[in-house]
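All of the numbers you see were taken from the coordinates with simple rules; none came from a lab. Just so you know, these numbers come straight off a predicted model, no measurement behind them. Glycine also receives a Cβ, built like all others from the backbone with ideal geometry; neighbour counts cover every protein chain displayed.
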Amino acid sequence: MANMAQAIRLALHYGEENLGVREIFGEDVGAPLGGVFTATQGLKTAWNSPLDERGIIGAALGLAWAGFRPVAEVQFVDYIFNAIDMLKLCGNATWMSGGRYKTPMVLMTPTGSGIHGSIYHSHSFDSVATKLHGMKVVCPSTPLDAYGLMISAIKDDNPVLFLEPKALLRSRGAELIPGEPADDKELHAMIDAPLGDRSKWKPRWPDVQEYEVPIGQARVAHEGTDATVVTHGRLAPIAREVAGELSQQGAGSVEVLDLRSLVPYDWEAIKASIKKTGRVLFLNEETEITNFGEHLLRRTVDELFYELKVRPRLLCGKATPGIGLSPNLEHFTVPQKADVDRVVRDLLAEPA
Amino acid sequence: MGNPSVAAPKSADPYLAFGSEKLLRLHDLMVKARVLEERLIKMSKSGDGFFWIGGPGEEGFNVPLGLQVKKGQGVQYDYLHLHYRSSAIMLALGAPVIDDIRQMRSVATDPYSKGRNFVNHPAVPDWNIVPVSPTIETQYSTSIGTGIAQAHTKTDAITIVNGGDGGTAEGDFHSCLVWANRPALPLPILIVVVNNGYAISTPEPTQHGERSIADWGKVFGMPSATVDGNDVVASWDAVAKAMAYVRKERKPYLLEAKCSRLYGHSSSSGANRIPEADCIQLLEAKMIERGLASKEDFEKVWHANQEEIDRAHQQVKQEPFPEPETIWEDVYSEGLPPSYPTKGGS
């Protein structure tokens with residue numbers, strides 16, 4: 001059973017073998033490290049770039065225009081801010097050229113909190129990412145979704161920003177990637193580089209198969225009828241856990257919708273669930289002022305006001321300049337399981 | 001280059017050696033570019049378009065560059081990462097004048113951007129002209145990408161990036177130098193900087209302590225040169241030499257061209273004629289001096305180009321503006337998903 005970093009690696013390997021991926025690059029992406037989270041370890045077309053985010057994104061854009069379907073990595077999303085106009089250019093190149101140029105490229109980058117990352121390794125980028133119109137933005141919460149979204153992202157003719165929740169890169173899912181060995185020790189022996197000298201090491205790739213998660217399609221991570229939680233990334237498994245516990249306790253039937261794609265987002269799925277439950281919480285870890293969840297909340301009020309039984313909620317990060325290192329600070333700044341539990345119970349309890 | 005003397009033997013005079021036929025071809029394109037830019041300025045000032053920015057004064061360098069491009073689509077042809085002063089390169093490649101006029105008037109028929117972008121911001125996939133962006137210097141970062149594509153392809157095609165002296169202060173210029181000179185994979189990029197001495201209103205010497213922009217090449221041990229961009233033949237030769245190196249060696253070359261900026265930065269500085277050296281006047285004087293053409297010959301060229309641009313302008317005036325709903329085209333290459341928010345609020 002692959003973890004998320006291995007799943008991304010397997011998808012990129014599939015892309016190299018079957019989808020024309022020839023250039024995978026970024027800081028420490030090639031040998032010997034294969035990425036600081038090992039998401040590119042052992043890949044035959046992965047190479048190390050200079051420490052230069054603007055150059056990485058510019059290179060990806062140029063390669064995209066040349067039809068090379070590049071996959072580039074920015075080591076942490078926290079480092080991407082100095083490249084904001086390059087990102088804007090990725091998003092607007094097709095529109096700006098009157099549709100004459102397609103921009104098939106994937107930009108992957110670890111995002112969010114949960115690894116004691118302090119001020120510059122804990123950023124969420126959702127709000128800025130979703131303002132880069134023309135760019136698609138995805139963020140998986142399971143290894144299988146990561147695998148399927150990466151394959152879809154590689155095939156897409158638009159730029160795709162692939163946000164990897166840092167806290168989940170080592171987590172395993174419940175489902176196998178088509179073609180991977182069931183035993184995770186076997187997979188580890190096949191594709192993880194040994195410690196020490198790696199100069200002669202080569203991975204033995206399992207015969208993984210094509211599997212797409214369509215961009216723009218949410219997944220019901222937990223079915224329910226009394227309230228809806230719309231979330232993604234690190235908070236999706238937490239919401240699912242809370243929903244499971246509430247269900248076991250008979251405290252309420254909560255539907256968890258894992259968006260998987262932030263842009264375009266699956267409004268039809270959100271709408272269907274809210275129509276069913278009449279109660280909704282938008283949950284993410286981006287800061288409060290101009291939050292992506294606020295957009296979804298506003299659209300809910302506009303289009304589904306009369307479907308709502310109680311006021312819709314947003315639970316998100318607090319609007320501080322950064323996330324403090326001490327767990328006391330981090331846990332108070334971005335939503336934790338106890339916060340999700342509290343707010344969902346409150347949502348269920350409010351009289352209609 | 002100094003002033004070639006009429007009495008010098010033919011072989012020693014670069015203009016005589018270059019020949020009248022080629023010079024007349026260069027001259028015609030330079031005039032076409034100048035007349036076009038002057039028409040665009042007039043359109044901007046008369047409300048027949050909005051902001052103007054362009055390249056009058058750079059024709060003496062840009063036409064020789066454009067004529068030496070290996071033109072076509074895909075990695076086997078040269079990629080061009082241009083900026084908003086590159087109209088003479090476009091015309092030398094064969095772009096019709098009418099398309100720039102269409103972009104100036106922001107009509108629906110603007111083939112470069114459907115009425116969305118400023119004038120002189122082309123995008124032509126058939127000729128590897130990647131989208132020109134209003135952002136300063138980002139083209140030096142994107143040139144890395146097509147450079148990598150060509151470094152990984154068996155070809156003599158190269159990537160050409162073009163920008164100004166002011167932009168060299170941006171990180172993208174240095175990104176381009178660093179990436180093009182990576183020992184792991186040197187890139188076949190002709191890195192051009194047109195030095196007109198100003199960043200909008202700020203004189204270059206007040207902000208740049210480098211002895212010359214071309215000197216950046218020395219840091220990497222890469223070949224570089226500075227050429228007088230007002231000298232057409234010197235420019236032709238400098239471009240030819242630089243291109244030959246990049247095509248053969250598959251490594252970068254830094255070429256700085258000193259050019260005039262004859263109408264200032266853009267509309268923002270008034271777009272009025274400035275008394276600087278004019279590459280077209282210089283070329284005409286040299287050709288007349290050598291008996292390669294007469295004043296009357298040149299007048300015919302100016303007149304013919306004026307007429308061509310008049311006709312094109314008249315035609316564009318008849319063309320429709322874009323329908324408002326076309327803003328939704330090309331957000332994504334496959335079109336918008338049905339539930340994409342399109343109301344602009346509640």
Checklist entry - With each label point set 7 Å from Cα along the Cα-Cβ vector, what nm distance links B:K295 and A:V310? => result 9.1 nm
Checklist entry - Relative contact order, percent, of the stretch A:289-352 when contacts are C-alpha pairs under 8 Å separated by at least 6 residues? => result 34 percent
Checklist outcome for this item: HN-Hα couplings for the stretch B:278-289 via Karplus (6.51, -1.76, 1.60; θ = phi - 60°), in whole Hz with x for Gly/Pro, come out as 10, 4, 6, 4, 5, 5, 4, 4, 5, 6, 5, 4
Item to check | Fluctuation leader among A:V213, A:V36, A:V334 - chain A, Gaussian network, Cα springs under 10 angstrom | outcome: A:V36
Checklist entry - So what is the calculated 222 nm ellipticity per residue for chain A, using -39500 (n - 2.57) for each DSSP H run with n of 4 or more, over all residues, to the nearest 500 deg cm²/dmol? => result -10500 deg cm²/dmol
Next on the checklist: Less than 28 Å apart at the alpha-carbon level, and either on another chain or at least 8 residues along: which lysines does that give for A:K166?
Outcome noted: A:K44, A:K88, A:K131, A:K136, A:K155, A:K185, A:K202, A:K318, A:K337
Item to check | Taking the stretch B:165-230 and dividing mean pair separation by its residue count, relative contact order in percent (alpha carbons under 8 Å, at least six apart) | outcome: 29 percent
Checklist outcome for this item: For chain B the mean separation of alpha carbon contacts under 8 Å (6+ apart) over residue count, i.e. relative contact order in percent, is 20 percent
Checklist entry - Can you list the HN-Hα couplings for the stretch A:150-165, worked out from phi with the Karplus curve (6.51, -1.76, 1.60; θ = phi - 60°), rounded to whole Hz and with x for Gly and Pro? => result 5, 5, 5, 5, 4, 6, 5, 8, 10, x, 10, 8, 9, 8, 9, x
Checklist outcome for this item: Of all DSSP beta bridges having both residues in the stretch B:13-319, the percent classed as antiparallel (nearest 5) is 10 percent
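Per residue of chain B, what 222 nm ellipticity follows from adding -39500 (n - 2.57) for every DSSP H run with n ≥ 4, rounded to the nearest 500? Before the final figure, lay out each step's value.
Details: 12 runs with 141 residues, N = 346.
When only DSSP H runs of four or more count, the value is -12500 deg cm²/dmol.
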Checklist entry - By how many degrees, 0 to 90 and rounded to 10, does the Cα axis of helix A:292-304 deviate from the longest principal axis of chain A? => result 50 degrees
Next on the checklist: Just to be sure I understand the model, the point goes 7 Å from the Cα along the line to the Cβ. What's the resulting A:A338 to A:E245 distance in nm?
Outcome noted: 1.1 nm
Checklist outcome for this item: Sorted by chain and number, the residues with a modelled amide H under 5 Å from that of A:V263, at a separation of 5 or more or across chains, are A:V137
Checklist entry - Considering every residue in B:124-134, what mean count of other chain Cβ atoms within 10 Å of its Cβ is obtained? => result 4
Next on the checklist: Just checking the output field for B:176-186: average partner chain Cβ neighbours within 10 Å of each residue's Cβ?
Outcome noted: 2
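Which of rounded, prolate, oblate describes the stretch A:219-349, given a ≥ b ≥ c as roots of the alpha-carbon gyration tensor eigenvalues and a/c under 1.5 marking rounded, otherwise prolate only if a/b is larger than b/c? Don't skip to the end; give the middle numbers.
On the way: a/c = 1.75, a/b = 1.26, b/c = 1.39.
Since a/c reaches 1.5 but b/c is at least a/b, the shape of the stretch A:219-349 is classed as oblate.
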Checklist entry - Can you list the residues, at least 5 places off or on another chain, whose amide H is less than 5 Å from the amide H of A:S124, using H built in the peptide plane? => result A:G112
